[in-house]
């Protein structure tokens, strides 16, 4: 048994000693490394650390300051209250909506590649079919605004509406009375950024 093990070891050692390193690999590695270190770089990559990244984070923080942003399994969701975007029973954007939409556009610019979902929602007042159509029209109005905005218009947007089917707050209190604050939270347009 020892003889077999010794023979196998001799074969392995003999095979290793006969191999030569291919030309132009390890011997040239230091020269290549020094050339790469001193070569000018024309590639403008995004900052991964330092002042460039701090500036990016700072501008994103200021963009988010007036927005309701949450992170879910779907992605990052910006909740835009429709009361700030639209008049009652309307799908036409108010002039005052521009501030929130511009702040949202800053987050879209920083978002990973992929489609941006814009989902309209209503409260439970009124007819289900009417609320569905209104939520869809409001989502399309927000997509139309983003589609005209420099910087984000090249992104892919998907508009849809959920009407009153996906509330985030109760429309009524526990006693069955109207809950205006809950209804206001449910009237929103969600901008869903990809992960």
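The values are calculated or read from the model by the stated rules, or taken from the named source; none is laboratory data. Model, not experiment: these values are computed from the prediction. Positions of Cβ are generated from backbone atoms using ideal geometry, with glycine treated the same way; all protein chains shown enter the neighbour counts.
Computed quantities for the displayed model
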read-out: Selected residue [modelled with pLDDT of 95 or more and farther than 24 Å from residue 98 by Cα] from 169, 129, 159, 139; value: 129
read-out: Output for the range 71-101, where each listed residue is surrounded by 13 or more Cβ atoms within 10 Å (Cβ to Cβ) and closer than 17 Å to residue 152 by Cβ; value: 75, 76, 77, 78, 80, 85, 93, 97, 98, 100, 101
read-out: Residue in the range 45-63 that is surrounded by 15 or more Cβ atoms within 10 Å (Cβ to Cβ) and either modelled with pLDDT of 90 or more or within 22 Å of residue 187 (Cβ to Cβ) (or both) present; value: no
read-out: Those strands (runs of 3 or more DSSP E) lying entirely in the range 112-195 with at least 2 residues surrounded by fewer than 20 Cβ atoms within 10 Å (Cβ to Cβ); value: 157-161
read-out: Failed condition for residue 78, given (1) in contact with a helix residue (DSSP H, G or I) (Cβ under 6 Å, 6 or more places away or on another chain); (2) at pLDDT below 95; value: (2)
